[in-house]
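Remarks on the structure that follows.
Just so it is clear, none of the values below were taken in a lab; they were calculated from the coordinates. Everything numeric here is computed off the predicted structure, so don't read it as measured data. In this analysis, Cβ positions are derived from the backbone assuming ideal geometry, glycine residues included, and neighbour counts consider all displayed protein chains.
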Amino acid sequence: MSKKLAIYLVFFTVLLGAFYYFLFQGTDNWKVKMPTLSYVKPFHFTNQDGQPVTDADVLNKITVVEYFFTTCKGICPKLNTNMKDIYTEFKDQPDFQIFSHTCNPGTDSVAVLKHYADSLQVDTKKWIFLTGRKDSLYQMARSSYLLDDPKNNVEKIEDQFIHTQFFALVDRKGKIRGKIYDGLKTIEVQQLKRDIAKLLKDK
């Protein structure tokens, strides 16, 4: 390759780089294209170690959200098998975490959640198990994460029971992104993984 040709190649490479810089500067064109469904509203729950967890803890993290209960013999074991697969793939990412909320706080105390977390042999700084007031937990599931029909709020809280198979994905700004993922379907769990990876790359 001649020296002149090399100079031309460098010149056009710089020119092309400058073109794309000015094209995208000041726009959102470089950001991940993924629907925004909702946002995380203020909350205050307690984790498996008895420590407070609030809406501030989702900021600057990519968070996968689910609801389950420790004594469930139906869908929950399968859900958390799939969730552990997600955990295993992303647990070494510093900006990744999972929030597993109990839908049965009357049974799932801090101590019970701690025992359950230990049985899964996971890092509870990455996979966090949450309990709190039933009405607050259910309100978050419906109004923030869209994991249950908000119309169910008309029932007495004592008569309500959420038993959902869906996962939600929260970005660094506390926005619910992508879609509501069916945690029992392999194809949707794989889609969730791809979407997590996209959001992790989006700084």
Inset, instruction - Give, in nm to one decimal, the length gained when the segment between residue 149 and residue 111 is fully stretched (0.36 nm per residue of separation minus the Cα-Cα distance). - result: 10.7 nm
Inset, instruction - For segment 29-181, just the Cα atoms, rotate onto the principal axes and tell me the three extents in Å, largest first. - result: 47, 37, 28
Inset, instruction - Take the Cα atoms of segment 126-167, build their convex hull, and give its volume per residue in Å³. - result: 81 Å³
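Quote to one decimal, in nm, the extra length available between residue 84 and residue 120 on full extension: 0.36 nm per residue of separation minus the C-alpha distance between them. Each step should come with its number before you reach the end.
On the way: separation 36, 0.36 × 36 = 12.96 nm, distance 0.83 nm.
So the chain would gain 12.1 nm between residue 84 and residue 120.
So how strong a dipole does segment 32-201 carry about its Cα centre when Lys and Arg Cβ are +1 and Asp and Glu Cβ are -1, to the nearest 20 debye? Walk me through the numbers before you get to the answer.
Details: 25 positive and 21 negative charges, 119 e Å.
It works out to roughly 580 debye.
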Legend entry - Amide H contacts under 5 Å for residue 129, placed H, 5+ residues apart: 48, 100
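Which entries in the list 134/185; 173/201; 126/179; 126/201; 125/175; 114/175 go over 25 Å, if you measure between the two C-alpha atoms of each?
Values: 134/185 28 Å; 173/201 14 Å; 126/179 22 Å; 126/201 18 Å; 125/175 21 Å; 114/175 28 Å.
Those over the limit are 134/185; 114/175.
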Inset, instruction - Note down the nm distance, to one decimal, between modelled labels 7 Å out along Cα→Cβ at residue 201 and at residue 34. - result: 1.1 nm
Inset, instruction - Tell me the label-point distance for the pair residue 157, residue 194, using the 7 Å Cα-to-Cβ offset, in nm and rounded to one decimal. - result: 4.0 nm
